[in-house]
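This report refers to the structure that appears directly beneath it.
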Amino acid sequence: MSIFYRDARLFALAILMIIAAGASALLSIGRQEDPTLTNLFATVLTPYPGADPARVEAQVTEKIEQELREIAEIDSMTSTSRSGISVIQIELSQFISDQKIEETWSRIRDALSDAARELPAGVPEPEFDNDRVGAFTAISAITMRDNRKPQRGIMRRYAELLQDRLRNVGGTKFVDVYGGGEEEIRVVIDAVQLSELGLTASDVSSAIERADAKISAGQIRGADRSVIIEVAGEIQSLDRVRDVPITSANDGRIVRVGDVAEVRREVVDPPNDLAIVNGVPAVLVAARMEDDLQVDGWMARIKRTLASYEKELPYTLQQSQLFDQSVYTWNRLMGVLTNLGIGVSLVVLVLFITLGWRAALIVAVILPLASLISIYGLQLTGISIHQMSVTGLIVALGLLVDAGIVMTDDIRRRLAAGTDRLVAVQQGIARLWAPLLASTVTTALAFMPMVLLPGPAGDFVGSIATAVIIMLFASFALALTITPALSGWILKRPSPDALEAAREREANARLGLFARSIDLALARPRLAILGALILPVVGFGSFGTLKAQF
């Protein structure tokens with residue numbers, strides 16, 4: 001590895017490659033607030049209107065569970081049968097691979113379809129929801145301006161328009177609307193007038209059903225083929241419903257729906273969900289970003305779409321952004337990066353005091369290079385920049401400087417002994433590569449349980465250990481290549497007498513302080529024991545005052 005010392009051009013090429021790879025990774029690697037978690041949870045909802053809990057359990061819940069028990073990847077099921085509804089919570093095994101998770105969800109959907117065939121009449125197919133992990137990246141609210149009376153139907157339609165716009169933004173995973181309520185066309189019959197015409201509510205309902213063009217009007221059969229006949233004019237407006245004929249009177253007059261009923265469009269009441277923003281009704285539009293993208297870049301595209309959308313809103317409506325994850329992500333990462341900068345500064349300061357400015361300069365160069373290599377390694381392993389991966393880089397700070405310090409100090413001692421610079425570099429690498437490799441591997445193995453931790457817990461904290469391991473091996477590689485070259489070029493060769501005098505002064509200072517502390521402890525043993533217990537007792541006593549935060 002002394003080739004980097006002997007060939008300055010190769011050394012410069014290596015530095016440029018590290019900077020280029022690290023900078024490229026830094027610009028393209030995903031940035032998000034938290035790690036992406038593997039989804040192992042799902043909920044199955046099956047309504048059974050009017051049924052008591054015992055009937056729901058016997059006729060719905062047990063039949064669905066019987067189908068699901070045949071899927072070995074399901075680790076546990078928890079069911080609740082209430083009046084009119086069955087709820088089943090599903091958790092997959094933590095030890096199945098990511099590739100097999102989607103296959104398992106597909107098999108569960110097939111099993112639910114099979115179970116639906118055996119459910120009682122009037123029970124719809126079970127609703128399957130496996131989107132139980134992750135948070136929305138952006139949330140907007142559609143509200144009425146100037147405290148006007150809420151028009152939920154209008155608010156919902158404009159919310160759905162925004163939903164379509166956000167779906168077309170690159171990197172958007174999905175968009176949901178909350179609080180809008182479902183709209184329906186309500187036909188309010190005049191019972192008195194209907195009775196005078198000798199008609200019933202069933203006559204009106206049947207007439208509207210027959211007028212729906214989605215229903216086949218007949219079929220023509222031939223020798224070779226059959227043709228289905230459908231009536232043109234699908235019901236798309238309220239006037240179309242009003243014009244539906246119910247019956248013909250004896251005088252030739254046609255009785256239509258609009259003659260005996262009021263037709264209007266309304267929001268279902270009571271609504272299934274409500275959204276209240278600052279005390280007023282609203283409709284929320286929530287969007288989630290694709291995994292492992294740069295949240296700030298995606299959010300910039302979302303804001304441009306929102307700005308264009310606001311220009312098309314009527315004056316009575318307004319759009320306001322309630323949540324922007326990029327702001328929280330940026331603040332969180334800035335806080336973590338600030339800690340990273342403080343850690344680097346403290347390490348360099350300590351090295352400057354203990355080893356001198358030349359050795360401190362070498363380590364100061366190695367730290368950013370190791371960080372760039374680590375970011376490139378994180379990108380290769382599919383890990384984004386988030387609070388846990390950056391935390392791993394901070395944890396590794398105190399570990400990665402060890403290899404550089406040991407290599408630098410060994411080469412400095414050899415130079416002080418009069419060894420030629422090239423020989424000192426070669427001997428330092430030959431002597432230390434095996435111990436440094438052993439210490440790197442053993443430290444990496446200590447973090448491997450976190451890397452191998454299965455399930456969502458492993459997804460969340462595993463990136464800390466992965467970042468530490470990557471940074472340790474980056475430090476090891478630099479300690480055998482870049483660090484020896486820099487040490488051979490930068491370190492000053494002190495005279496043997498000066499080095500020996502410095503070591504003697506340092507040893508005497510340490511031994512003198514140690515001897516005085518031993519004498520004091522032996523002279524006052526109780527005071528020494530009390531002094532030794534102060535910090536542990538205070539530490540345990542103050543544990544309850546710490547804030548509980550992940």
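The values are calculated or read from the model by the stated rules, or taken from the named source; none is laboratory data. Note that the structure is a prediction, hence the values are computed from the model and not measured. So basically every Cβ, Gly included, is an ideal-geometry build from the backbone, and we count neighbours across all protein chains shown. Each accessible area value is taken on the protein alone, full model and side chains, heavy atoms only, with ligands, DNA and RNA left out. Shrake-Rupley method; radii C 1.70, N 1.55, O 1.52, S 1.80 Å.
Exactly one residue out of Asp7, Asp75 is over 30 Å from Ile101 (Cα atoms), surrounded by fewer than 17 Cβ atoms within 10 Å (Cβ to Cβ) and among the acidic types (Asp, Glu), and it is Asp7.
Given the options Ala444, Ala416, name the one that is open to solvent by less than 10 Å² (accessible area, probe 1.4 Å), over 20 Å from Ala477 (Cβ atoms) and not acidic (Asp, Glu). I'd like the intermediate steps shown before the answer.
On the way: Ala444 fails: over 20 Å from Ala477 (Cβ atoms).
Going through Ala444, Ala416 in turn, just one is open to solvent by less than 10 Å² (accessible area, probe 1.4 Å), over 20 Å from Ala477 (Cβ atoms) and not acidic (Asp, Glu): Ala416.
Restricting Asp224, Asp251, Asp239 to residues that are within 25 Å of Arg157 (Cα to Cα), at pLDDT below 80 and not in a strand (DSSP E or B) narrows the list to Asp239. Please name all residue pairs, on different chains or six or more residues apart, with Cβ atoms under 8 Å, provided the first residue is in the range 143-155 and is touching a residue at least 12 places away in the same chain (Cβ under 8 Å) and the second residue is open to solvent by less than 50 Å² (accessible area, probe 1.4 Å) and in a helix (DSSP H, G or I). The qualifying pairs are Thr143/Met155; Met144/Met155. Listed conditions (1) open to solvent by 60 Å² or more (accessible area, probe 1.4 Å); (2) on the phi < 0 side of the Ramachandran plot are all met by Pro47, apart from (1).
Helices (runs of 4 or more DSSP H) wholly in the range 481-550 with at least 1 residues that are modelled with pLDDT of 90 or more, farther than 30 Å from Ala8 by Cα and of a type in the set (A, V, I, L, M) - which ones? Output list reads 496-523, 525-541.
Residue-wise test of (1) at pLDDT below 90; (2) surrounded by 14 or more Cβ atoms within 10 Å (Cβ to Cβ); (3) not in a loop (DSSP other than H, G, I, E, B).
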{"position": "Ile139", "(1), (2), (3)": "no, yes, yes"}
{"position": "Ile142", "(1), (2), (3)": "no, yes, yes"}
{"position": "Asp146", "(1), (2), (3)": "yes, no, yes"}
{"position": "Ile154", "(1), (2), (3)": "yes, yes, yes"}
{"position": "Arg157", "(1), (2), (3)": "yes, yes, yes"}
{"position": "Glu160", "(1), (2), (3)": "no, yes, yes"}
{"position": "Asp164", "(1), (2), (3)": "no, no, yes"}
{"position": "Val188", "(1), (2), (3)": "yes, no, yes"}
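Conditions (1) outside any helix (DSSP H, G or I); (2) touching a Phe, Trp or Tyr at 6+ places or on another chain (Cβ under 8 Å); (3) at pLDDT below 85; (4) open to solvent by 30 Å² or more (accessible area, probe 1.4 Å), marked per residue:
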{"residue": "Pro368", "(1), (2), (3), (4)": "no, no, no, yes"}
{"residue": "Gly382", "(1), (2), (3), (4)": "yes, no, no, yes"}
{"residue": "Met388", "(1), (2), (3), (4)": "no, yes, no, no"}
{"residue": "Leu397", "(1), (2), (3), (4)": "no, no, yes, no"}
{"residue": "Met407", "(1), (2), (3), (4)": "no, no, no, no"}
{"residue": "Val425", "(1), (2), (3), (4)": "no, yes, no, no"}
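Restricting attention to the range 1-56, report how many residues are of a type in the set (S, T, N, Q) and out of contact with any Leu (no Cβ under 8 Å at 6 or more places or on another chain). Total meeting the criteria: 6. Residues in the range 421-457 that are of a type outside the set (A, V, I, L, M), without any contact (Cβ under 8 Å) to a residue 60 or more places away in the chain and within 26 Å of Arg31 (Cβ to Cβ): Phe447 only.
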